[in-house]
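The values are calculated or read from the model by the stated rules, or taken from the named source; none is laboratory data. The structure presented is a predicted model; accordingly, all values stated were derived computationally and were not measured. Quick reminder, even Gly has a Cβ in these numbers, built from the backbone with ideal geometry, and neighbours come from all protein chains shown.
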Amino acid sequence: MAAFKEIKERIQSVKTTQKITAAMKMVSAAKLNKAQKNIAGMLPYSNALHHILRSVLAAGEDFYTPLSEERTPERVAIIAFSSDSSLAGSFNSNVIKEFRKTLSAYEHLPKENILIYTIGKKIFEAARKSGYAVTRYFEGLAAKPDYDTIAAFTGELITLFNRKAIDRVEVVYHHFKSAGVQILTRENFLPLTLPALENTATKRTLASYLLEPSQETILAELLPKSLKLKLYTILLDSNASEHAARVVAMQTATDNADELIGELVIAYNKSRQQAITNELLDMIGGTMKN
């Protein structure tokens, strides 16, 4: 009888949990929809800026910028993006693994030569446990992306790179490809890779532009804007990926709860039937004795 009651209580407990996971899925789906709109709204500006950069680069002679200078990495900055909360499947654990792999690539450097910037509580906690000091933690930015904060931070990185206080900047994040696919990505942020032209015909077409005041002046304005936009895009990517991963995780948890409830109901019915059978046998046995 005790087992019979225990199964019934467990069914109720799983149903309660299922309601929570279903509600979390709906909340994450709403946040994902908003994140996708933010990315879609930024794409026209991003594409236009990329086209202008290619045009300006093609319109003049070969251009040199200190931002694209390749140097032996003796001082490195690593920027890692995660979420503030859990229950997002392997989203955070994958970022943490890639972050640790990135650190191991620079283990030959003194710890003070590695600057660590974390966006997201989970990667911040993992970075502190790694034995390295966290240079800066952007609290709350993972949940609420803010362009002004990222733009100011990018400006600081550009200044450090130009002063040769750092030689390389790497980012670790999830690229949002679709609601079902988020790609774990590690890439160089600095030095900057300038946009390349696809073919000679395209170069001839773009090179017809007349630039005023000069190619150098225009690019000196455009390149920092491009870097700020790129880091902000990465932040939006990570934010959308988090919500997408949580939607999938909560849907999986809800489906698993359905299966578990089904198994428990079968066990409950079997236990109930066994109890009824036992009572009947007791009654029959008592009648035969009388």
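Here are some residues: N94, N33, N38. Which one is without any contact (Cβ under 8 Å) to a residue 24 or more places away in the chain and either among the β-branched types (V, I, T) or under 30 Å from I123 (Cβ atoms) (or both)? Just a single option satisfies the conditions, and that option is N33.
Checked against the criteria, T159 does not count as outside any strand (DSSP E or B), closer than 21 Å to I39 by Cβ and among the hydroxyl-bearing types (S, T, Y). Quick check: is even one residue across the stretch 124-134 part of a loop (DSSP other than H, G, I, E, B) and free of Cβ contacts under 8 Å to residues at least 12 places away in the same chain? No.
Among the residues of the stretch 156-197, those that are under 26 Å from R54 (Cα atoms) and modelled with pLDDT under 90 comprise L192, T193, L194, P195, A196, L197.
Among the residues of the stretch 98-123 satisfying the criterion of being part of a strand (DSSP E or B) and of a type in the set (A, V, I, L, M, F, W, C), which is farthest from R168 (Cα to Cα)? Step by step, filter the stretch 98-123, then rank; the result is I119. Taking the stretch 31-51 as the range and being basic (K, R) and either in contact with a Lys or Arg (Cβ under 9 Å, 6 or more places away or on another chain) or on the phi > 0 side of the Ramachandran plot (or both) as the test, only K31 passes.
Across the stretch 146-159, the number of residues qualifying as among the aliphatic types (A, V, I, L, M), surrounded by 14 or more Cβ atoms within 10 Å (Cβ to Cβ) and more than 13 Å from F189 (Cα to Cα) comes to 2.
When every residue of the stretch 81-92 is checked against the conditions, none turns out to be among the charged types (D, E, K, R) and either more than 12 Å from the chain's Cα centre (by Cα) or modelled with pLDDT under 90 (or both). Out of I11, I20, report the one residue that is at pLDDT below 90, part of a helix (DSSP H, G or I) and surrounded by 12 or more Cβ atoms within 10 Å (Cβ to Cβ). The conditions single out I11.
For the stretch 8-57, a residue qualifies if it is farther than 23 Å from N239 by Cα and outside the structural domain of E212 (by TED's automatic domain parsing), and the qualifying residues are K8, E9, R10, I11, Q12, S13, V14, K15, T16, T17, Q18, K19.
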